[in-house]
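To start, the structure itself, in structure tokens.
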Amino acid sequence: MKEKTADIGLIGLAVMGQNLVLNMADHGYTVAVFNRTREKTDQFLKGPAEGKNIVGARELKEFVFMLKKPRIVMMMVKAGPPVDEFVEQVSPFLEPGDILIDGGNSHYPDTQRRYEALKAKGLLFIGAGVSGGEEGARHGPSIMPGGNLDAWPRVKPILQSIAAKADGKPCCDWVGEGGAGHYVKMVHNGIEYGDMQLISEAYDLLKKGGEEKDLASIFAAWNRGPLDSYLIEITSQILQKKDAGGGLLVDHILDVAGQKGTGKWTGIDALDRGMPLTLIGEAVFARCLSALKEERVEATRHYPTPMHRFQASPEQISHALYASKIISYTQGFMLMRKASEEHGWKLNYGLIALMWRGGCIIRSKFLGKIKEAYDKNSQLPSLLLDPFFKEEVLHCMDSWRSVVSEGAMMGIPLPCFSAGLAFFDGYRSSQLPANLLQAQRDYFGAHTYERIDKPRGQFFHTNWTGTGGDVSSSSYNV
């Protein structure tokens, strides 16, 4: 081929990479491809890419030579060291002003580090979260780009053209500097963990709660209401799939959940920032608990199942699921707000909700309401303070409490339903028992405390074992 004719180059021809390339070609772009294994490149060119504006290279230097300037190179490789390896290998062939995009599931601190290192060399780095799996990559994913803003005008037409569309708008827009794009993708994945666990808890309640029910039909009905979403839709389909040996396939699947770490990253980040991401944290721990299969089977032999007749209806369960979902997203957006403040990202939360409306795993009708909430008040501290979500939670509250109570009485674990309700009750409480906690901390560690009758920021210490236990007249700056 002639030199410098490809609009963009992509490294990494696993399924996601191949589908993104085909998506780009469908939108009129000429794409150069490279894979560490030459055989995979050849197979792709002779197979799905045949007859399309897709060209392959056997060497990285040749690959870079095929690209128009300023060059755009997108990497779809495994997160971690492989990204650093390819950055190191391809950088010598690039020039100042060229653009590198990491479209994998990289941890945002790695993206921040690469952004800064490449910026020093004059190279423009973008960390782009890409959600939607194989189908999304092929027909329109949600894309969350962040990094060097100077690169955005050049890559914007390509990324927005291949992205999913919601209400006619692309589910892709600029997120922020440095690691902002991969940070938002990380929180997206944490929310995904929460959504999946909440749905699984609803399924468990329906399955164990009394008479036989057509679960697929129940989820299909839910998908026609406020819970309308991709995950509810596929759950309905999963609950219809028959096994070759008889019965439903889902009943033959081992109850041990896998995970790739992005939910854990979200939980760790929340702990580091002091944010109460309780529901997503419980979703991660639920997967960890599922992995203890042999211990759970042994424990079953030692403890009887409570004898309680389940009395919650499918409608009540749907209300509990919906209210818990609101809490999960509330916590996720609170975490992004905290990170945005600390990093100076100036995240646009309504825009993020729009980017998640289509293409991604958590896409749902519900996200449109989140966008409306932040469009009305871009500084909204919590979705629970938005009038729409306030009314929705109040409508669901009695059912939510009943369902969590019923689950406890039946011995059905509801970690995320329960965590969501506990957070809600804590958030709506003007007085929490943290006053006693602070007294304990001051007693054993002289950690000081604030008083309700003094200005915030003024700290006191008491000699708790002294006569009378009088408060010290000295204030402490801590």
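Listed residues ALA244, ALA312, ALA299; which is without any contact (Cβ under 8 Å) to a residue 60 or more places away in the chain, part of a loop (DSSP other than H, G, I, E, B) and more than 26 Å from GLY104 (Cα to Cα)? Break it down stepwise before answering.
Details: ALA312 fails: without any contact (Cβ under 8 Å) to a residue 60 or more places away in the chain; ALA299 fails: part of a loop (DSSP other than H, G, I, E, B).
Answer to the selection: ALA244.
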Note to self: If I ask for residues that are part of a loop (DSSP other than H, G, I, E, B) and open to solvent by 60 Å² or more (accessible area, probe 1.4 Å), which ones from segment 429-457 would you list?
What the structure shows: SER430, GLN431, LEU432, PRO433, HIS447, GLU450, ARG451, ILE452, ASP453, LYS454, PRO455, ARG456
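For segment 349-391, enumerate the residues that are open to solvent by 40 Å² or more (accessible area, probe 1.4 Å) and in a helix (DSSP H, G or I). Reasoning before the result, please.
So in segment 349-391, the residues open to solvent by 40 Å² or more (accessible area, probe 1.4 Å) come out as 351, 357, 363, 365, 369, 371-372, 375-379, 381, 385, 387-388, 390-391.
Scanning segment 349-391 gives LEU351, LYS369, LYS371, GLU372, ASP375, LYS376, LEU385, PRO387, PHE388, LYS390, GLU391.
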Check: When both residues are 6+ apart or on different chains and their Cβ atoms are under 8 Å apart, which pairs have a first residue that lies in segment 105-122 and is part of a loop (DSSP other than H, G, I, E, B), and a second that is among the charged types (D, E, K, R)?
Finding: ASN105/LYS185; ASN105/LYS260; GLY122/GLU95
Next item on the list: Look at segment 72-83 and say how many of its residues are open to solvent by 50 Å² or more (accessible area, probe 1.4 Å) and in a helix (DSSP H, G or I).
Entry: 1
Item checked: Answer residue from segment 113-137, given it is open to solvent by 50 Å² or more (accessible area, probe 1.4 Å) and under 22 Å from the mean Cα position of the chain (by Cα) and is farthest from ASP7 (Cα to Cα) among those -> ARG113
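So if I check each of ILE218, ILE253, ILE199, which one is touching a Phe, Trp or Tyr at 6+ places or on another chain (Cβ under 9 Å) and hydrophobic (A, V, I, L, M, F, W, C)?
Numbers: ILE218 fails: touching a Phe, Trp or Tyr at 6+ places or on another chain (Cβ under 9 Å); ILE253 fails: touching a Phe, Trp or Tyr at 6+ places or on another chain (Cβ under 9 Å).
Result: ILE199 is the single residue among ILE218, ILE253, ILE199 that is touching a Phe, Trp or Tyr at 6+ places or on another chain (Cβ under 9 Å) and hydrophobic (A, V, I, L, M, F, W, C).
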Checklist line | Matching residues in segment 28-71 - criterion: being exposed (fewer than 14 other Cβ atoms within 10 Å of the Cβ) and either touching a residue at least 24 places away in the same chain (Cβ under 8 Å) or outside any helix (DSSP H, G or I) (or both) | finding: GLY28, THR37, GLY47, GLU50, GLY51, ARG58, GLU59, LYS61, LYS69
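The values are calculated or read from the model by the stated rules, or taken from the named source; none is laboratory data. In this text the structure is predicted, and so the values were computed from the model without any measurement. Cβ atoms come from the backbone with ideal geometry, glycine included; neighbour counts cover every protein chain shown. Please note that ligands, DNA and RNA were not included when accessible areas were found on the heavy atoms of the full protein model with its side chains. Shrake-Rupley method; radii C 1.70, N 1.55, O 1.52, S 1.80 Å.
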